[in-house]
1. Among the residues of region 67-78, is there at least one that is of a type outside the set (F, W, Y) and closer than 23 Å to L202 by Cα?
2. Taking region 31-67, which residues are crowded, with 17+ Cβ neighbours inside 10 Å and farther than 16 Å from A4 by Cα?
3. Do we have any residue at all in region 227-244 that's outside the structural domain of R68 (by TED's automatic domain parsing) and under 30 Å from R60 (Cα atoms)?
4. Pick out, from region 1-106, the strands (runs of 3 or more DSSP E) lying fully within it that include 3 or more residues that are touching a helix residue (DSSP H, G or I) at 6+ places or on another chain (Cβ under 7 Å).
5. Scan region 192-213 and tell me whether some residue there is touching a Leu at 6+ places or on another chain (Cβ under 7 Å) and under 21 Å from E297 (Cα atoms).
6. Would you check which residues across region 198-243 are of a type in the set (G, A, S) and either on the phi > 0 side of the Ramachandran plot or exposed (fewer than 13 other Cβ atoms within 10 Å of the Cβ) (or both) and list them?
7. With the checklist (1) in contact (Cβ under 8 Å) with a residue 24 or more places away in the chain; (2) touching a strand residue (DSSP E or B) at 6+ places or on another chain (Cβ under 7 Å); (3) not aliphatic (A, V, I, L, M) in hand, flag the one item G282 doesn't pass.
8. Looking at region 104-122, is at least one residue of a type in the set (D, E) and within 16 Å of the chain's Cα centre (by Cα)?
Amino acid sequence: MRLAADWLKARGLPLGRGSVLTVDHGLRPGSAKDSAAAASWARAAGFPAHILRWRGAKPRSNVEDRARNARYRLLGDWCHAHGVATLLLAHTRDDQAETFLLRLGRGSGVDGLSAMRGRAPFPLAGYDGIQLVRPLLDIGRDELRADLAARGVAWLDDPMNEDPRFARVRIRQAMPALEAAGLSAARIAQAARHLARAREALDADTERFLRRHARFTPDGIAMLDGAALQSEPRETALRALSTILMRISGSTYRPRFERLEHLYDALGRSTPGHTLSGCRIGPAPKAFRHFGAATLEVRREKPRRRGLGAEDASRKKLVAPAVANGKLPKKGRIIGRLSGS
């Protein structure tokens with residue numbers, strides 16, 4: 001915030017051109033008070049300030065990911081409502097290193113391990129036209145704290161950043177030991193940047209593959225050349241498959257790498273019918289085999305039925321085996337044993 005103010009003033013631009021947004025997740029006592037303090041500091045610095053609150057019941061599991069999605073949705077909604085096309089985020093070099101290690105632990109591929117981008121599209125679907133900008137990726141947290149101390153400016157540390165229930169906190173607490181072993185945040189962030197360049201090259205290869213070997217219909221179905229997929233270098237093939245699944249499902253996130261690899265290997269064995277990321281992948285109907293007999297069709301998976309309707313339940317009662325003298329017929333006894341009766 002202070003650095004943004006410096007940047008605007010140096011260019012003779014009014015601070016009112018920007019706004020400071022604070023998200024109150026409501027996950028701990030005192031979050032509302034801290035959010036109010038942050039907004040007060042922003043206004044004192046000359047910025048309009050707004051607090052965005054995550055309302056409703058809070059999750060008990062997968063808290064980090066769900067809070068992240070809620071945070072981005074609140075920010076995206078505000079930006080859309082106010083015609084804002086650029087959202088500045090304060091991710092630092094330390095955040096970059098922690099993200100790399102988190103994804104390394106999940107077995108991520110090149111995409112997951114490559115750096116957060118300085119400029120990136122909004123990470124949730126439905127927010128086209130909003131760009132994320134991360135101007136502090138080459139700066140460490142300690143440097144930012146030193147700058148604030150030199151200015152005589154107070155800051156807040158979120159107590160949840162010390163809660164070992166969260167994977168990122170455990171990574172953060174392990175960083176001193178990694179630093180001592182020569183794996184500094186700067187070195188890890190540098191490795192992530194190297195992988196980002198590799199990702200750019202792979203992105204270009206993947207786009208070329210999809211232009212030649214995939215077709216997308218207006219009703220949200222993809223036809224894919226399965227033979228070409230298997231003959232392509234594995235990394236490009238996996239990326240192409242992931243891109244198609246995301247495009248058809250509308251998902252913001254790529255499938256988990258291990259599951260994607262299992263799907264790719266299964267397609268190579270010509271086993272019919274698979275599902276991943278809300279999509280069904282299988283042989284294309286004859287009328288749509290644009291790439292010959294090996295053409296694959298990727299479409300959204302049909303919603304699964306949950307429970308029986310009243311009509312189904314009554315029909316089930318009608319076909320239940322008759323009971324004579326308190327005993328089921330032999331076939332009925334077998335069915336009853338299997339169903340736990």
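1. There is no residue in region 67-78 that is of a type outside the set (F, W, Y) and closer than 23 Å to L202 by Cα.
2. S31, S35, L52, W54, A67
3. The answer is yes, given that some residue of region 227-244 is outside the structural domain of R68 (by TED's automatic domain parsing) and under 30 Å from R60 (Cα atoms).
4. 20-24, 49-53
5. For region 192-213, residues touching a Leu at 6+ places or on another chain (Cβ under 7 Å) and under 21 Å from E297 (Cα atoms): present.
6. The answer is A201, A204, G220, S231.
7. (1)
8. Yes.
The values are calculated or read from the model by the stated rules, or taken from the named source; none is laboratory data. Predicted model, so just to flag it, every value in this text is computed and none were measured. Every residue, glycine among them, receives a Cβ derived from its backbone with ideal geometry; neighbour counts consider all protein chains shown.
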